[in-house]
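Please treat every number below as a calculation from the coordinates, not as lab data. Just so it is clear, the structure is predicted and the values come from calculations on it, not from any experiment. Positions of Cβ are backbone-derived with ideal geometry, glycine not excepted, and every protein chain shown enters the neighbour counts.
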Amino acid sequence: MINDQKDNLFQLIKSLSKSEKRQFKLYVGRMGSNNDSKFLNLFNLLDKSPKYSEKLILEKGVVTKQQLSNLKAHLYKQILISLRLNPIHQNVRIQIREQLDFATILYQKGLYKLSLKVLDKIKSIAFKNEEKYLAYEIVELEKVIESQYITRSLSNRSQILIQQADQLQYQNDLTSKLSNLSLLLYEKLIKTGYAKSDEEFRETTKFFYKKLPVVEIENLGFREKLWYYKVHVWYSFLVQDFLSCFKYASKWVDMYEESPEMIKIHPVFYLKANNYLMESLALIKYPEKFKKTLNLMLRNINDSKLVKNHNISSLGFLVHYNNLLNLYFMQGNFEEAKGFIAEINDGIKKYKDQIDEHHVMLFYYKIACLYFSLSDYEKSIIYINKIIKNKHLKMREDLLCFTRVLNLVAHYEAGFDYHLDTQLRETYKFLIKMNDLHEVQKAMIRFLRSLGEIFPHELKDSFIKLYGELKQYEDDPYERRAFLYLDILSWLESKIKSRPVSEIIKEKAKVMNRKEKRSINVL
């Protein structure tokens with residue numbers, strides 16, 4: 001990906017919608033003296049510019065070089081204030097903070113009763129919406145006021161506030177520990193991927209249970225349960241316990257089904273819960289339930305009552321299209337999936353400032369696999385090269401490794417085998433460096449290395465031999481990850497039977513559908 005010179009102010013201006021720009025100008029124009037101000041002129045100039053250029057700003061005479069830094073900072077602040085006043089950005093958290101600021105002002109003016117009245121009202125809202133960090137701030141301010149000015153006749157007022165503070169402190173501390181653990185597990189997954197051996201399994205398990213707080217699940221509130229289920233989802237992914245992942249992701253989604261009002265309050269966690277549920281369903285290959293989950297999620301996030309912003313829109317794009325690809329892969333509908341690759345590329349451009357590089361490359365990897373399954377090996381190599389040539393890539397090591405293996409097979413299939421020996425050596429060195437050389441990869445490299453010594457009439461027997469060698473690893477807890485990224489076995493079957501790989505996968509999908517109907521109730 002190209003790294004253009006980026007300026008924070010310029011990025012913010014370019015992220016504004018037409019209505020947000022109009023509101024900003026109305027906000028600035030509330031005082032006539034601002035209509036021809038320097039910061040408004042700078043705003044108009046940057047809004048019309050295709051890219052940030054300090055040279056252009058100075059040439060236009062909007063501001064001197066010495067004043068530019070301060071003017072940009074002032075404009076940046078004014079835009080944020082304007083956005084804060086925009087109804088589309090007014091969520092419960094912002095509304096509570098605003099009222100908390102008002103209560104603080106009333107307290108500072110000595111209007112204690114009025115301040116407590118505001119605090120009591122927003123405290124109820126904070127509790128209802130699981131905003132317990134803000135609720136703790138509210139209770140602490142109530143304690144400050146009560147300690148200076150006796151306002152209530154109730155003798156147990158102090159005890160109520162102390163109990164609330166203690167309870168909130170415990171809940172916030174628990175949430176902090178769980179969110180810390182979640183972040184550490186996520187970092188581990190991004191860096192190294194799934195556990196690759198018994199040693200890594202034991203290490204991850206020991207780490208997880210050492211950090212996991214002891215809780216009674218029935219005593220947890222919505223927010224604490226959310227984080228509790230989330231850390232179990234991450235742990236289950238790491239140790240490749242996909243049924244456990246399905247179990248905890250289902251519990252997470254069920255919380256929102258039982259409290260649908262929480263979808264509007266915490267839409268990000270709702271999207272992530274569904275994403276993890278669908279990912280687990282893809283891993284255990286239950287396409288029908290996967291499809292129902294995807295359709296229900298799309299119906300909820302497209303609800304007109306759900307406030308849309310850049311964060312929700314970009315995350316919605318990721319979850320929608322990533323899982324749409326997974327669904328078509330499970331069904332073997334590769335030709336149909338090819339129809340929305342243009343939409344994915346458009347979305348990547350549209351949300352380039354919101355989507356991290358890892359997720360972009362994950363899209364490219366899946367598109368490469370899609371074209372590979374359609375026997376369009378040249379297009380597959382185009383998307384593979386987008387990953388391999390990215391020198392600044394922050395991506396899961398296991399996916400980087402399987403990209404290299406896919407690259408070898410795609411070049412072989414495309415007939416680009418004149419540099420195969422060089423690519424084999426480079427791939428082998430890369431895998432050794434990553435410490436990710438598993439039996440499936442070794443077998444694939446041995447096979448590709450031996451191609452030069454195999455006569456055409458012996459090729460089918462070689463495919464059969466390789467298939468038998470790899471089949472034994474299909475259910476191996478550490479080797480099976482190879483088949484999650486690239487369906488090598490279906491490719492080999494297509495070679496042995498002289499049939500398109502998409503047909504092989506479609507037949508397997510029908511078998512999985514029958515299996516799903518028999519066993520999903522057990523789960």
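A few notes on this one:
- Inter-probe distance in nm under a simple model that places probes 7 Å from Cα toward Cβ, at residue 183 and residue 414: 4.1
- Long-range Cα-Cα pairs in the stretch 116-271 (distance over 23 Å), rounded percent: 49
- Only Cα sites of the stretch 258-333 enter the Debye sum here, all with the same form factor; the resulting log10 I(q)/I(0) across q = 0.15 1/Å is -0.49, listed in q order.
- Residue-span extension gain [residue 104 to residue 258] - 0.36 nm each, minus C-alpha spacing: 51.9 nm
- Site pair residue 311 and residue 94 shows an inter-label distance of 1.0 nm when each label is modelled 7 Å from Cα along Cα→Cβ.
- Modelled label positions at residue 67 and residue 163, each set 7 Å beyond Cα in the direction of Cβ, lie 6.1 nm from each other.
- Annotation: for a label point projected 7 angstrom from Cα along Cα→Cβ of residue 148, residues of the stretch 97-115 with backbone N closer than 19 Å are 99-115.
- Filter on 225/272; 18/121; 21/117; 272/391; 191/433 - keep pairs with C-alpha separation over 26 Å: 18/121; 21/117; 272/391
- Among the listed pairs 188/350; 25/349; 177/206; 55/386; 285/506; 247/285, those whose Cα-Cα separation exceeds 21 Å are 188/350; 25/349; 55/386.
- Separation of the stretch 125-143 from the stretch 342-360 is 37 Å, based on Cα centroids.
- Per the Cα gyration tensor, the stretch 8-89 maps to an equivalent ellipsoid with semi-axes of 21, 14, 11 Å, ordered largest to smallest.
- Ellipticity at 222 nm from helices only: DSSP H runs of n ≥ 4 in the chain, each -39500 (n - 2.57), divided by the residue count, give -24000 deg cm²/dmol.
- Taking all pairs of distinct alpha-carbon atoms in the stretch 92-153, Kirkwood radius in angstrom: 11.4
- From largest to smallest, the equivalent ellipsoid semi-axes obtained for the chain from the alpha-carbon gyration tensor read 50, 32, 20 Å.
- For the stretch 303-375, convex hull volume per residue from C-alpha positions, Å³: 91
- Stretchable slack from residue 352 to residue 55, in nm (0.36 nm times residue separation minus alpha-carbon distance): 104.4 nm
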